[in-house]
Amino acid sequence: MQHFHLQRNNTALKTALNSLTGQLSSGEVSDKVKASGGDTTRFNAIDNRLKVLDSFSQSIKETQQILSTTQVLLDNFDSKRDAMTGSLLLVIPDSSDFQIEEASRAARNSFDGLVSTLNTRLGDESLFSGTAVNQAALTSPAVMLADIVTQIGGSTDFNVITATVNTWFDDPAGGFLTLGYQGDLGEKPERHLDNDTRIKLGVRADDAGIKAVLKGAVLAAVGQELLGLDKRTQAALLFEGGLQLQSAADDLAQVKGRIGYFEGEVERIAISQSSEISALSMARNLITQADPFEVATELKAVQLQLETHYAMTARLSRLSLVEYLR
């Protein structure tokens with residue numbers, strides 16, 4: 001019986017020791033019910049809200065990364081548009097064959113670069129294809145130009161070529177939406193940032209501002225793909241492409257402005273939630289924070305009891321051995 005009592009006392013002391021050691025290292029009391037005066041409603045409400053905010057915080061970080069990367073890519077896209085515009089508007093009918101050839105080659109390379117920018121992925125997700133994140137936003141530049149050349153049908157007339165390119169991009173049944181753009185055409189993806197706040201990550205490669213840039217680039221690049229164009233027609237296509245790229249600047253600025261607005265909204269929500277997390281964490285700490293001096297005092301007392309317990313156990317063991325030897 002005495003052995004059983006000692007064993008039970010040993011277990012109780014070890015449990016108390018582990019609990020106090022845990023409180024000292026974590027800074028929190030182990031008995032939340034006792035700390036909240038038996039009413040855990042407020043504590044549970046705070047704890048649950050902090051878990052919800054932690055989940056939203058992760059969504060906010062991901063959204064900020066998507067928006068930031070998208071804005072960087074749009075800036076890159078716009079820089080390519082601007083550089084292309086400047087070089088194309090220098091082409092005139094009296095430009096030399098070499099100048100026109102070089103401008104055509106540069107336009108073709110720039111179109112490749114524009115498409116490559118829109119096909120950039122963040123991790124495993126495509127950024128400009130809407131909810132179809134597993135797909136590249138656009139097919140290859142070569143495939144698009146080949147289809148446009150087929151639609152032109154061998155014509156070398158400036159008006160026919162420009163009208164064909166316009167139709168290819170603007171007609172809902174045209175080549176851009178049926179062949180060029182590979183993303184989805186439905187609702188734009190949303191991010192849930194709080195109970196009542198959702199942000200639409202609304203930039204796709206079929207956006208009017210982006211499409212206007214691609215159209216101007218194609219007008220300039222397609223001349224190199226067509227056989228039999230005279231110098232004047234090729235120069236006119238290059239210059240017209242430059243004009244369209246120049247006029248697309250405002251449309252593209254609106255796209256960038258929309259992303260900037262979303263970035264500001266997400267930042268506002270992030271700051272608001274960060275403040276709420278700080279306030280709730282302070283309130284939670286007032287309930288659960290352990291007094292290190294008090295815990296250390298209790299810990300020392302339990303350690304002393306445990307040492308006394310072991311000393312008594314050893315003494316009783318020696319007495320039992322003497323009894324046995326008799």
*Test T156 against the stated conditions and say whether it is in contact (Cβ under 8 Å) with a residue 60 or more places away in the chain, open to solvent by 10 Å² or more (accessible area, probe 1.4 Å) and either in a loop (DSSP other than H, G, I, E, B) or not charged (D, E, K, R) (or both).*
yes
_Step by step: first the residues of the stretch 159-200, then only those that are out of contact with any helix residue (DSSP H, G or I) (no Cβ under 6 Å at 6 or more places or on another chain) and of a type in the set (A, V, I, L, M), then the one that is modelled with the lowest pLDDT. Which residue is that?_
L185
*Restricting attention to the stretch 159-180, report how many residues are open to solvent by less than 30 Å² (accessible area, probe 1.4 Å), of a type outside the set (S, T, N, Q) and touching a residue at least 12 places away in the same chain (Cβ under 8 Å).*
7
_Sole exception among (1) part of a helix (DSSP H, G or I); (2) closer than 26 Å to G113 by Cβ for D206, by number_ = (1)
_Looking at the stretch 39-74 only, could you name the residues that are acidic (D, E) and open to solvent by less than 70 Å² (accessible area, probe 1.4 Å)?_
D47
_Being in contact (Cβ under 8 Å) with a residue 24 or more places away in the chain and either of a type in the set (D, E, K, R) or surrounded by fewer than 18 Cβ atoms within 10 Å (Cβ to Cβ) (or both) is the requirement here; does G202 meet it?_
yes
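The values are calculated or read from the model by the stated rules, or taken from the named source; none is laboratory data. Quick caveat, the model's predicted, so the values are computed rather than measured. Neighbour counts run over all protein chains shown; Cβ positions are idealised from the backbone, glycine included. Ligands, DNA and RNA are excluded from the accessible area calculation, which covers all protein heavy atoms including side chains. Shrake-Rupley method; radii C 1.70, N 1.55, O 1.52, S 1.80 Å.
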